[in-house]
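Chemist: Structure below; questions to follow.
Since every read-out is calculated from the coordinates, none of them should be taken as a lab result. A quick note: this is a predicted structure, and the numbers were derived from the prediction, not measured. Here Cβ is always computed from backbone atoms with ideal geometry, including for glycine, and neighbour counts include all displayed protein chains.
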Amino acid sequence: MAGLLCDGPTGLYLSCLDPRTAAEVAQVPVQALELVGDRVQQAREAGLAWRERPLAARKQAVAALHQAFLEAGPRIVALLAEECGRPAGEAWTSEVVANHDLFQWWLSQIDDLLISLPLDLSPINYPRKTGRVQLDAVGVIGLISPWNLPVAIPLRAIVPALLAGNAVVWKPSEHSPRTAELLLELMRGCLPEGLVQVVQGDGRWGQAVIDAGVDAVFFTGSVRTGRAVNLRCAERFLPCSLELGGKDAAIVLADADLDRAVEGIAWAAFAFGGQNCAAIERCFVHASIYPSFLAKLKARVERLRPLRDVGPLITPAQLALVQEHVAEALAGGATLVCGGGAPGPGWFHEPTVLADVSPTMRLMREESFGPLLPIRSFDDLDEAIRLADETPYALTASVWTRDLDLGETIGLGLRAGVVTVNNHAFTGALPQGTWGGPGETGGGVTNSRFALYHMVRPRTVVVDALSQPHEMWWFPYNEALERLSRGLIELQREGGAKLPGLRGALSGFTARWKDL
Ligand code: TXE
C-alpha cells in the first residue's frame with residue numbers, strides 16, 4: 001500500500017507501506033503532472049510503428065513478454081506480499097498462473113479474432129464490388145487500474161490491447177506502484193521503447209491521462225471514481241470501459257453439498273482479504289440447513305491462518321470501513337459467528353462471519369470490500385432471489401445445489417453478469433469468458449473477444465472494380481428505376497434473386513441508363 005503522495009528533496013514520490021506492518025518499505029518517484037501529455041505523445045509515436053508491424057511480429061514480442069513474466073514469477077509473488085500483503089499461494093494462483101493462461105489464450109486466439117470479415121455482396125445488386133470489415137487498433141489506450149489485483153487486472157487489458165496494435169498509457173493505483181514498475185521492467189526488455197508508459201501518481205494523474213488525448217479508457221475501481229471517469233470521458237467522446245463494484249450473492253439450497261459449499265464460500269468471501277470485486281458479500285442459506293451450515297462455516301473460518309491464508313486490508317481507510325460495517329450490523333441485532341477483531345499488526349482484520357443480518361444493514365447494501373461475510377436464512381427461494389438482486393451491483397452470483405439444471409436456471413434468473421453453480425469468482429481468470437455486469441458494476445467487459453472489441457475500431461473497405469458507368473441508385477430517379485426496384489423485390493420475394501439472367505438484365509439496364 002502507498003501512503004499519500006509525498007514531496008521530498010528529490011521531488012514527488014509515493015511512500016510505499018507494507019500493509020502487514022504499516023511500515024514504509026520503499027518510495028516510488030512520481031513525475032510531474034504536466035509531463036503526462038508527453039508520455040501519451042511518446043506512446044502514440046511508438047504505437048504508430050507498432051500497429052504497422054505484422055501481427056506475427058507483435059505476437060512474437062508479446063510471447064517474449066510472456067516468458068519474461070513467467071521467469072519473474074517468484075519476484076512478483078514476493079513483491080505482492082510486501083505491497084498488498086498477498087499470501088504466496090494466492091499470489092501464485094491469481095496473479096501468476098492465471099496470467100500465464102491469459103497470455104497463452106490471447107496469443108493462440110488473436111489471429112482469428114483480428115481476421116477481417118469479408119462483405120458478402122450480392123453480385124446482382126452490387127456487381128464487381130468487393131469489401132471487408134477490418135479491425136484497426138484504436139491508437140493509445142489509457143488504462144487506470146486499482147490495487148486489489150495489481151498484476152492480473154492491468155494485464156487483462158494490456159495483453160489484448162498490444163496484440164491488437166495499440167499503445168498503452170497505464171496509471172496504476174497509488175497503493176500498488178511497485179508491481180507496475182516491475183511489469184514495466186519486464187516490458188522494456190520485450191516491447192518497443194515507449195509503447196507502454198507507466199504514469200505513477202494518484203487520481204489527479206489518472207485524470208491527466210484522460211485529458212491528454214488518449215483514444216479509449218479502461219478503468220477498474222470504485223463506483224464513485226468510475227462515475228467521475230465516465231463523465232470526463234463523455235465530455236471528450238472517449239470510449240470508456242468500466243469495471244466497478246460488486247456485492248456478490250451466494251444462494252445455498254437445501255440439497256447443496258454442504259462441505260463443498262462451506263469451502264467454496266469461505267474462499268470466495270475471504271480470498272484477497274475480501275478485497276475482490278467478486279467476493280461473496282452476501283450469503284443466503286435455506287432455513288433447513290442454516291444451523292449446520294453456520295456451524296461448519298464457523299469451524300472452517302476459524303482455521304484460516306492470518307497472512308498465510310487471509311491477507312490484510314490495503315489501507316487504514318479500508319480497515320475502518322470494514323469495522324464500521326461490523327459495528328453497525330452488531331448494533332442492529334446481527335449475531336457474531338466468528339472473527340470481528342482487528343488485532344494488528346498492520347491493517348489486518350479477522351475473517352468475520354455475521355448471521356441473522358437484516359437487508360437494510362450497510363454491510364448488505366454497500367460494498368464492504370473486506371473479510372466480512374453476512375449470512376441470512378430463507379424459506380422462500382423467490383425471496384432469496386429478490387434479495388440477491390436487491391443491490392445496485394450485478395457482477396457475479398452463485399447458486400449451490402446438487403440439482404445443476406435448477407442451479408443454472410436460478411443463476412440465469414439473477415441480474416449478475418457472471419453466474420456460477422457450485423463455484424464462485426474464479427471465472428475472472430478465464431480469458432475465454434466475459435467478466436462484468438450491469439448497474440453500478442459499470443457495464444464494461446474484461447476478457448474474451450468482447451473486451452477486444454473495445455480495443456479496436458471496425459472499418460469497412462469496399463472497392464468497385466469500375467463495374468459499370470452508372471449505379472441504379474444514382475440520379476436521375478425515374479419510372480424505370482421504380483419499375484426495376486419493384487421487379488427486383490418481386491424476384492427476391494419469389495427467391496429468384498440469384499437468377500443469372502437477372503444479372504444480365506440488370507447490367508444491360510444500367511448500361512442503357514442514360515437512354516431511358
Ligand atoms: O479506488 P479508486 P480505491 C472499490 C472498493 C474500494 C474503493 C476505493 O470498494 O473500497 O473502490 O478503492 C484512480 N480520475 N474498488 O480508492 O478511487 C486511482 O488513482 C481518474 C473496487 O483504490 O476507484 C486508482 O488508480 N483516475 C474495484 C484507480 O483510479 C482516478 C477495485 C482506482 O481508484 C480518479 C478497487 C479520477 N478522478 C477498488 N480518482 C474492483 N471493482 O475490483 C482515482 N483514480
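Chemist: Counting only helical runs of four or more DSSP H residues, what would the 222 nm mean residue ellipticity of the chain come to if each run contributes -39,500 (n - 2.57) and the total is spread over all its residues?
Modeler: -12000 deg cm²/dmol
Chemist: Given Cα pairs under 8 Å that are at least 6 residues apart, what percent is the relative contact order of the chain?
Modeler: That works out to 17 percent.
Chemist: Which of the aspartates and glutamates could be linked to Lys129 by a straight reach, that is with a Cα gap under 19 Å, when you skip same-chain ones fewer than 8 residues away?
Modeler: Within the straight-line cut-off, Lys129 pairs with Asp120, Asp464, Glu471.
Chemist: At Ala480 and Ala254, where each label point lies 7 Å from the Cα along Cα→Cβ, what is the point-to-point distance in nanometres?
Modeler: It is 7.9 nm.
Chemist: Report the trypsin sites (Lys or Arg not before Pro) located in region 269-353 that are in a DSSP loop and have at most 16 other Cβ atoms inside 10 Å of their Cβ, or state none.
Modeler: Counting only loop positions with at most 16 other Cβ atoms within 10 Å, the trypsin sites (Lys or Arg not before Pro) in region 269-353 are Arg303, Arg308.
Chemist: Continuing with this model, one more query. Calculate how many DSSP beta bridges within the chain are antiparallel, expressed in % of all such bridges and rounded to the nearest 5.
Modeler: Percent antiparallel among DSSP bridges in the chain is about 40.
Chemist: With θ set to phi - 60°, apply the Karplus curve 6.51 cos²θ - 1.76 cosθ + 1.60 along region 462-479 and write out the HN-Hα couplings as whole Hz, x wherever there is a Gly or Pro.
Modeler: For region 462-479, the Karplus curve yields 10, 10, 9, 7, 6, 5, 7, x, 8, 9, 5, 8, 7, 5, x, 7, 8, 4 Hz.
Chemist: What's the longest uninterrupted piece of the chain once you rule out the chymotrypsin sites (Phe, Trp or Tyr not before Pro) that are loop residues per DSSP with at most 12 other Cβ within 10 Å?
Modeler: Within the chain, the longest run free of exposed chymotrypsin sites (Phe, Trp or Tyr not before Pro) spans 1-236.
Chemist: Taking Cα pairs under 8 Å and at least six residues apart, what relative contact order does region 125-201 come out at, in percent?
Modeler: For region 125-201, the relative contact order is 32 percent.
Chemist: Residues with amide H under 5 Å of Cys240's amide H, sequence separation 5 or more or different chain, H placed in the peptide plane at 1.01 Å from N; which?
Modeler: Val217
Chemist: Need the C-alpha centroid separation for region 367-400 versus region 17-42, integer Å.
Modeler: Spelled out, the Cα-based centre of one part sits 37 Å from the other.
Chemist: For the pair Glu324 and Asn423, what calculated FRET efficiency results from E = 1/(1 + (r/R0)^6), where r is the Cβ-Cβ distance and R0 = 30 Å, to the nearest 0.05?
Modeler: 0.50
Chemist: Using the alpha-carbon centroid of each, what span in Å lies between region 202-226 and region 152-199?
Modeler: One Cα centre to the other: 15 Å.
Chemist: Now for a different question. How far, in nm, would the chain grow between Asp7 and Asp120 when pulled straight, counting 0.36 nm per residue and subtracting the alpha carbon separation?
Modeler: Answer, rounded to one decimal: 34.6 nm.
Chemist: Hey, another quick one. Mind checking the angle between helix 73-84 and the chain's longest principal axis? C-alpha axes, 0 to 90 degrees, to the nearest 10.
Modeler: 60
Chemist: Given the Cα-Cα distance of Ala317 and Leu70 and 0.36 nm per residue of separation, how much length would full extension add, in nm?
Modeler: Here the answer is 85.6 nm.
Chemist: GluC sites (Glu not before Pro), restricted to region 171-217: which are DSSP loop and have at most 11 other Cβ atoms within 10 Å?
Modeler: Here the GluC sites (Glu not before Pro) that fit, given the DSSP loop and packing criteria, are Glu193.
Chemist: Under a plain spin-label model, where a point goes 7 Å from the Cα along Cα-to-Cβ, how far apart in nm are Asp403 and Arg227?
Modeler: Label at Asp403, label at Arg227, 4.0 nm between them.
Chemist: Just flag the GluC sites (Glu not before Pro) in region 331-396 sitting in loop per DSSP whose Cβ has no more than 15 other Cβ atoms within 10 Å.
Modeler: Glu390
Chemist: Ok, one more. Please report, in debye to the nearest 20, how large the charge dipole of the chain is about its Cα centre when each Lys and Arg carries +1 at its beta carbon and each Asp and Glu carries -1 there.
Modeler: Result for the chain is approximately 1340 debye, rounded to the nearest 20.
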